[in-house]
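In what follows, a structure is listed as structure tokens, so that the remarks can point back to it.
The values are calculated or read from the model by the stated rules, or taken from the named source; none is laboratory data. Everything quoted here is computed from the prediction, not taken from an experiment. Don't worry about glycine lacking a Cβ; one is built from the backbone with ideal geometry, like all the others, and counts go over all protein chains shown. What goes into the accessible areas is simple: the full protein's heavy atoms, side chains included, and nothing from ligands, DNA or RNA. Shrake-Rupley method; radii C 1.70, N 1.55, O 1.52, S 1.80 Å.
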Amino acid sequence: MEPTFGTDGVRGRAFDEIDEIVAHALGRAANRALFAGNEAARWAVGRDTRESGPTLARALAAGLRATGAEVIDLGVVPTPVVAFAAQHLHTAGAVVSASHNPWHDNGVKLFAAGGTKLSDAEQAAVAHCLDELRLTHGDRPSAAEIARRLDAVPTAGAVEAQAAAPNEMHRVLDAYERSLRAAIDGRTLDGLHLVVDGANGASASLAPAALQRLGAQVTALFCEPDGRNINDGCGSVNPGALGAAVLDVGADLGVAFDGDGDRMIAVDCEGQVIDGDRQMALFAVDLAARGLLTGDTLVVTVMSNAGLRRAMSEAGIEVVTAAVGDRAVLEALEAGGHCLGGEQSGHVVFRHEATTGDGLRSAVHLADLVARRAAGDSALTSAELSLQAMQVSPQVLRSVPLGSGTLTDEIQRAVDDIAAGAGRDVRVLVRVSGTEPVIRIMVEAPTEREARDLTDRLADVIVEGVGAAGTA
């Protein structure tokens, strides 16, 4: 197992890598921080399909049990299913996954009791407990000690928990699918042909089956995980094959998930991408028309296209802008009592239905919307719906490898100088990714050429600056 990214929210404090002993330590730290080692504590634990997943999930569960917690092992399930389980079973939750990253990366996402994201205070408490464990790179236990710690689990409790897990898992999945059907008011997807790209990840089994049970005809794509093919040329970050498949089979819609299933990118019947911005435009207008968009407000991030804001203004829908990241979106939703928000990347939150973003839930809502509009007097295809949703402003996104460097103050000043001279109609955003060792560049401009030229200039400055910082 190669070095990987650490835990969601506490990455970069106690550890930069995650292996069995770190996962075990995190289990102990999380239970102590969130439940003070309470023996009545319960955790729902799931994972995606990465090769390292079973080992890390076992170590995490052992750490939780070592501090008195009961663990419900959900096996391979999407992240939003773990959040749903935590809400449904009144437990905390943990997911072993690195989302849209390559197979050799892995990490852990934590949910507080009830399935919500950790608060700042809770994140700080978990990080503090990790620091207290003093498991630094220079003070790691031996392989024998690691094995002993993983095996040092209350035998009776472990056997009892594992025996109960299959029943709990089936109850959770049944309740989850009922919630999807309830979200579309009991309607079906009869007559709709969907291509479903499971990214060879956590959604590969659940999503095609659930959509079929809702009545759709499903063509499954990239739903054969082998531990190393997760997100490999497929899924929400690589929708090209999905678009080709939709055209090839003449489907009404295609949907692609990321590795852990909390994001969804769609493709219309003409093979064109429906990203998170277009999805939110469609959902917001539809919910508002039915009187279901709380406060007639949509929450987006600074990455969202200006075309989305224009479309919402024309529809009489207010837009609240949050920082990048689903956590920032959720905080804005909670603060304003809003029900819909998300990111351009396809992470969309229906807060009146769920505690976090859910790719399959978004897919069900989008498929239902397409089915309803296709059956109306003025029938529209998914391509026509998507085109009507918004007119996109030219926007270029690029990632620059960070390597051993960093986004220094000097680089930021150079970026700011370029952005300041670019004109009032240009929008520039440069930031360090929270999930990968890269710097993200986003440029919006009146024309595609202007956006690309400016992106090239910024990328050159960043590459030169990062290289210099890395050799200093």
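Numerical summary
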quantity: Answer residue from region 180-211, given it is of a type in the set (S, T, N, Q) and out of contact with any helix residue (DSSP H, G or I) (no Cβ under 7 Å at 6 or more places or on another chain) and is nearest to residue 350 (Cα to Cα) among those; calculated: 188
quantity: Qualifying residues in region 307-325 (those that are within 17 Å of residue 430 (Cα to Cα) and at pLDDT 95 or above) - the one surrounded by the most Cβ atoms within 10 Å (Cβ to Cβ); calculated: 322
quantity: Residue 36 modelled with pLDDT under 90 and surrounded by 22 or more Cβ atoms within 10 Å (Cβ to Cβ); calculated: no
quantity: Filtered residues of region 51-61 (kept if touching a residue at least 60 places away in the same chain (Cβ under 8 Å) and either touching a Cys at 6+ places or on another chain (Cβ under 9 Å) or surrounded by fewer than 22 Cβ atoms within 10 Å (Cβ to Cβ) (or both)); calculated: 51, 58
quantity: Subset of region 86-97 that is of a type in the set (A, V, I, L, M, F, W, C) and modelled with pLDDT of 95 or more - its residue that is nearest to residue 169 (Cα to Cα); calculated: 86
quantity: Among residues of region 261-297, those that are of a type in the set (Val, Ile, Thr) and at positive phi, counted; calculated: 0
quantity: Residue 328 vs. criteria under 30 Å from residue 466 (Cβ atoms), open to solvent by less than 50 Å² (accessible area, probe 1.4 Å) and not charged (D, E, K, R); calculated: yes
quantity: Options 23, 44, 83: the member that is assigned to a helix (DSSP H, G or I) and under 18 Å from residue 170 (Cα atoms); calculated: 83
quantity: Test result for residue 385, closer than 21 Å to residue 304 by Cβ, out of contact with any Phe, Trp or Tyr (no Cβ under 8 Å at 6 or more places or on another chain) and surrounded by 13 or more Cβ atoms within 10 Å (Cβ to Cβ); calculated: yes
quantity: Condition broken by residue 369, with the remaining ones in (1) over 23 Å from the mean Cα position of the chain (by Cα); (2) touching a residue at least 60 places away in the same chain (Cβ under 8 Å); (3) buried (at least 17 other Cβ atoms within 10 Å of the Cβ); (4) over 30 Å from residue 427 (Cα atoms) satisfied; calculated: (1)
quantity: Residue list for region 69-106, filter: surrounded by fewer than 23 Cβ atoms within 10 Å (Cβ to Cβ), touching a Phe, Trp or Tyr at 6+ places or on another chain (Cβ under 9 Å) and within 15 Å of residue 59 (Cα to Cα); calculated: 70
